[in-house]
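S.K.: Starting off with a structure, shown below.
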Amino acid sequence: MTEYSKAGRLIITNVEFTPLLFDHNPATLKGFEQEYLLFERYSSGMGRGTLNETATKVDADNLHLVDLTQRYITSTTNVSGIGVLIPHDLIGFDPSRDKSYTTLPSKKPRGRLISQAFDALEAAIAEDNMDESTDMANAFAGLIQRLMLGRDQESDLQSADATTDLALRDYIDANLASPNLDAEHLCDRFGLSRASLYRRFRDDGGIDRYIVGRRLDRSFSELCALPPARGRIKEIAGRWGYADPGNFNRRFRERFGLSPSECMAHKTTQPFSSQDAGNAYVIQHLMRRNQQ
């Protein structure tokens, strides 16, 4: 079930849906030119997937901001929540400098402030007060700009620890196919102690779990992008370090909630034709895709 409304230039959705595979591919969208960010706040459920090559995990503990000019694929459980479509130009989003995927803890002060602003916006919409809802929409967008895009704030990249963390993760992503990619190799490469390495990946469940997860994310992207073919799953599993198909199937289902064969066999709904970029057209493309 999807309900939507509009406030100022924002499009607000209230969604409830059963498990589904959501595949947003900008290359298939025709009939409108507006570029959007998607703000998501889940009250229950979870989604895991990829935004291009970036792993995503959408849940109730964090607020999420996704650039919908990128390929976004996610497998969700039973989900209830809201989504807000925000035009790029409204908050000055620049894909060349801004992150395509940003998260913010919902229970930290900044996350609570954004949630409170959205609740106020919903209240203004419910009262059918167009002027007030437009003002609240602009205020909400301003908070997203300041607190999630980091405008007028010192960059985290100025931290030496943060720079090392980024270098580590970039190196891991570039070498996922290497059988030598492990904790010992990374410690030698970056001059880190094992304790320091594990501390940097503590929130990811440890370095080994992080590498396994990134390999599964890469497998997910390939299975969704390539046409079904005999031996395809075994080929992809082997490429990302899984000699045992049963182990690959089990790990894949644990992470994404569906099997590799279900992922590979899904059919992308083709966009319906339309002459304008009306709200219903945008929402049906972005919120009602590929339900299994």
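The values are calculated or read from the model by the stated rules, or taken from the named source; none is laboratory data. Bear in mind the structure is a predicted one, so any value in this text is a computation, not a measurement. No Cβ is skipped: glycine too gets one built from the backbone with ideal geometry, and neighbour counts run over all protein chains shown. For accessibility, only protein heavy atoms count, side chains too; no ligands or nucleic acids. Shrake-Rupley method; radii C 1.70, N 1.55, O 1.52, S 1.80 Å.
S.K.: Please list 102-108, 209-215, 140-146 highest first by mean number of surrounding beta-carbon atoms within 10 Å per residue.
M.R.: 140-146, 209-215, 102-108
S.K.: As a test of reading the structure, rank 230, 255 by solvent-accessible area (1.4 Å probe, protein chains only), most first. Walk me through the intermediate numbers first.
M.R.: On the way: 230 240, 255 60 Å².
Output order, biggest surface exposure first: 230, 255.
S.K.: Apply 1/(1 + (r/R0)^6) to the Cβ-Cβ distance of residue 239 and residue 204, taking R0 = 25 Å, and write down the FRET efficiency to the nearest 0.05.
M.R.: E(calc), rounded to 0.05, equals 0.65.
S.K.: While we're here: When the Karplus curve 6.51 cos²θ - 1.76 cosθ + 1.60 is applied with θ = phi - 60°, which whole-Hz ³J(HN,Hα) does each residue of region 104-119 get, with x for Gly and Pro?
M.R.: Going residue by residue, I get 8, x, 6, 9, 7, x, 5, x, 5, 5, 5, 5, 5, 5, 5, 4 Hz, with x marking Gly and Pro.
S.K.: Still on this structure, please answer the following. Calculate, for residue 61 and residue 189, the FRET efficiency according to 1/(1 + (r/R0)^6) with r their C-beta to C-beta distance and R0 45 Å; round to the nearest 0.05.
M.R.: Efficiency for this residue pair is about 0.90.
S.K.: Distance between Cα centroids, region 161-231 to region 101-115: provide it in whole Å.
M.R.: Result: 26 Å between the Cα centres.
S.K.: Using amide H atoms built 1.01 Å from N in the peptide plane, name the residues 5+ places from residue 11, or on other chains, whose amide H lies under 5 Å from its own.
M.R.: 85
S.K.: Output the peptides 175-187, 74-86 sorted from most to least packed, where packing is the average of other Cβ atoms within 10 Å over each peptide's residues.
M.R.: 74-86, 175-187
S.K.: Moving on to the next point. On the accessible surface of region 45-90, probed at 1.4 Å, how many percent belong to carbon and sulfur atoms?
M.R.: 44
S.K.: Restricting attention to region 88-152, which GluC sites (Glu not before Pro) occupy a DSSP loop and are surrounded by at most 10 other Cβ atoms within 10 Å?
M.R.: 127
S.K.: Which order do the peptides 37-48, 189-200 take when ranked by the mean count of other beta-carbon atoms within 10 Å per residue, highest first?
M.R.: Taking the mean over residues of other Cβ atoms within 10 Å, the ranking is 37-48, 189-200.
S.K.: Ok, one more. Can you give the FRET efficiency to the nearest 0.05 for residue 262 and residue 96, using r as the Cβ-Cβ distance and R₀ = 45 Å?
M.R.: The computed FRET efficiency comes out at 0.80.
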